[in-house]
Amino acid sequence: MRAVELSQHYQGKIQVIPKVPIRSYDDFSVVYTPGVADVVKEIASDVEKSFSLTSRWNTIAIVTDGTRVLGLGNVGPEAALPVMEGKSLLFKYLGGVDAVPLPLATRNQEDLVKVVQALEPSFGGINLEDIESPKCFYLLEELQRKLKIPVWHDDQQGTAGAALAALINAMDLTGKTKEESKVVLYGAGAANIATARLLISYGFPAGNLILVDREGPLYSERRDLDSMMFKHRWKYELAIKTNSSGARTLDEAFKGADVLIAASSPGPGVIPKRFISMMRRPIVFALANPTPEIMPQEAKEAGAEVIATGRSDFPNQVNNSLIFPAVFRGVLDSKASKVDDSMVIEASSTLAAYARAKGLSRDYIIPRMDEWEVYYEVAAAVAHKAVELGYARFKASKEEFRRVAKERIIAARKVISEVNSVVD
């Protein structure tokens, strides 16, 4: 109820505030007509100037159709708006990014592609949010292919990037290697399908991964494989290339496994302790919210050596808020044309290195959201990677990108602080 009271009091979480000072009536002739005509002519002669002469360079759209909002399901675009407003606030506070919530009143995937394509001239990037599977995979692929600005689906790439960052350090602590570890991904929705694909890109052998959906482990001879090929080709592709041992039951999947990454239904009791006991020096990530698939104490009692959840009141919160604000800060600062898996891996590796430098422990494998310096580091790493890959419209050194990111994020927090003082 507190959230409803807050929303009723403020009537929304965000607003638009001009950047250009208006000191007299004469200023209108500069910021609008007739002076603005000169800016129009500049951009008409070279559309790339829209990234330097307008707010496009720092503005993204948060696009949703409201079909998979939090754990509430298909609530529609109007009901999705408060979530998108909250995301906008996080973008601004954590990344200094201006994000515009855009819930759309269509569920047709082709229509969604057309609408977002039509929006491209207004934005420096697109963040897809809370869209049902498998539609979300199609939208990400199509829009990444068609647009010349970065397109990101946070439920996929953000969650996968945070999980990889935590896993790099968890494996370091337990002496495991990516080449020899068996990984069970419990849940085969957007988060874990993206995580599986990212792990493969990072160097985990595909055959050592086992994805589990409601029917059990995915494997190449499962009875519903033909149907899956037509209804969900992304899951089908992983069923073909993963699980080289051919595990067909949960017992077979968990026996001797090194890592569990669960992104499925909220617990408790979704994953029994006995499955953890079957693993080898287990690393357990139980990421469902608000309640993990298995509670940390239960996982520990079953032998888990390193445990992470999606909650801030337990150690090792694997949260995509560590990823998306800094990634967008980086792609916007470099004016990148795209964001790909290698840039996500760069963000994950930078997060992991930051935590390692501070000193790893079983209760600290990934930075906390209040460790502000990490956002500057990740933004700089992503921006510099965009330069290396040839995606950047603006090129600079990693040190320069870090300085710019820090200045912009601190400036955004200062504005929010000033708003707080006025409100208080």
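Rule-based calculations on the coordinates, nothing more; no lab input. In this text, all values refer to a predicted model and were calculated from it rather than measured experimentally. Every residue, glycine among them, receives a Cβ derived from its backbone with ideal geometry; neighbour counts consider all protein chains shown.
Place a point 7 Å from Cα of Leu89 in the direction of its Cβ. Which residues in segment 312-349 have their backbone N less than 20 Å from it? Hits in segment 312-349 for Leu89 at 20 Å: 312-313, 319-326. Take 324-335, 56-67 and order them by the average number of nearby Cβ atoms within 10 Å per residue, most first; the result is 324-335, 56-67. Here the Karplus curve 6.51 cos²θ - 1.76 cosθ + 1.60, taken at θ = phi - 60°, turns the phi angles of segment 37-52 into couplings of 4, 5, 5, 4, 5, 4, 6, 4, 7, 7, 5, 4, 5, 5, 7, 10 Hz, with x standing for Gly and Pro.
Between amide H atoms placed 1.01 Å from N, distances below 5 Å from Val97 occur with Lys92, all of them 5 or more places distant or on a separate chain.
Karplus-based coupling profile of segment 400-408, in residue order and whole Hz: 5, 4, 5, 4, 5, 4, 4, 4, 6, with θ = phi - 60° in 6.51 cos²θ - 1.76 cosθ + 1.60 and x standing for Gly or Pro. This model, with +1 at the C-beta of Lys and Arg and -1 at the C-beta of Asp and Glu, gives the chain a dipole about its Cα centre of some 540 debye.
Bridging of Lys13 to lysines at a Cα separation below 28 Å is possible for Lys87, Lys92, Lys335, Lys406, Lys414, once same-chain residues fewer than 8 apart are set aside. Listing Met228, Met278, Met343 from fewest to most neighbouring C-beta atoms within 10 Å gives Met278, Met228, Met343. For Ala308, the residues whose amide H sits under 5 Å from its own are Val284, Phe285, Ala286, ignoring neighbours fewer than 5 places away on the same chain, with H placed 1.01 Å from N. Size estimate for segment 168-270 follows the Kirkwood approach: the inverse of mean 1/r over distinct Cα pairs works out to 13.8 Å. For the chain, find the longest principal axis of its Cα atoms and tell me its angle to the long axis of helix 324-333, 0 to 90°, nearest 10. Compared with the principal axis, the helix lies near 40 degrees.
In the chain, the longest principal axis of the Cα atoms and the axis of helix 341-358 are about 80 degrees apart.
For segment 179-323, lysine pairs with C-alpha atoms less than 29 angstrom apart, excluding pairs fewer than eight positions apart on the same chain, total 14. Taking GluC sites (Glu not before Pro) across segment 128-192, the ones in a DSSP loop with at most 10 further Cβ atoms lying within 10 angstrom of their Cβ are Glu179, Glu180. Distant-in-sequence amide contacts of Gly125, defined by a placed amide H-H separation under 5 Å and a gap of 5 or more residues or a different chain, comprise Ala61. Only the Cβ atoms of Lys and Arg (+1) and of Asp and Glu (-1) were treated as charged; on that basis the dipole of segment 155-280 about its Cα centre amounts to roughly 140 debye.
Considering helices alone, the calculated mean residue ellipticity of the chain at 222 nm is -14500 deg cm²/dmol, with DSSP H runs of length four and up weighted by -39500 (n - 2.57) and normalised per residue. The packing ranking of peptides 355-363, 399-407, highest mean first, is 399-407, 355-363, where packing means the average number of other beta carbon atoms within 10 angstrom of each residue. Label-to-label distance for Tyr32 and Phe314 is 5.4 nm, based on points extended 7 Å past Cα in the beta-carbon direction.
Annotation: the antiparallel percentage among DSSP beta bridges lying fully within the chain is about 15.
Given Cβ point charges of +1 (Lys, Arg) and -1 (Asp, Glu) and nothing else, what value in debye, to the nearest 20, does the dipole of segment 14-147 about its Cα centre take?
So the magnitude is around 160 debye.
Across segment 281-296, computed HN-Hα scalar couplings (Karplus, 6.51 cos²θ - 1.76 cosθ + 1.60, θ = phi - 60°) run 6, x, 9, 10, 10, 10, 9, 5, 10, x, 10, x, 4, 9, 5, x Hz from first to last residue, x flagging Gly and Pro. The angle between the Cα long axis of helix 109-119 and the main principal axis of the chain comes to about 30°, on a 0 to 90 degree scale.
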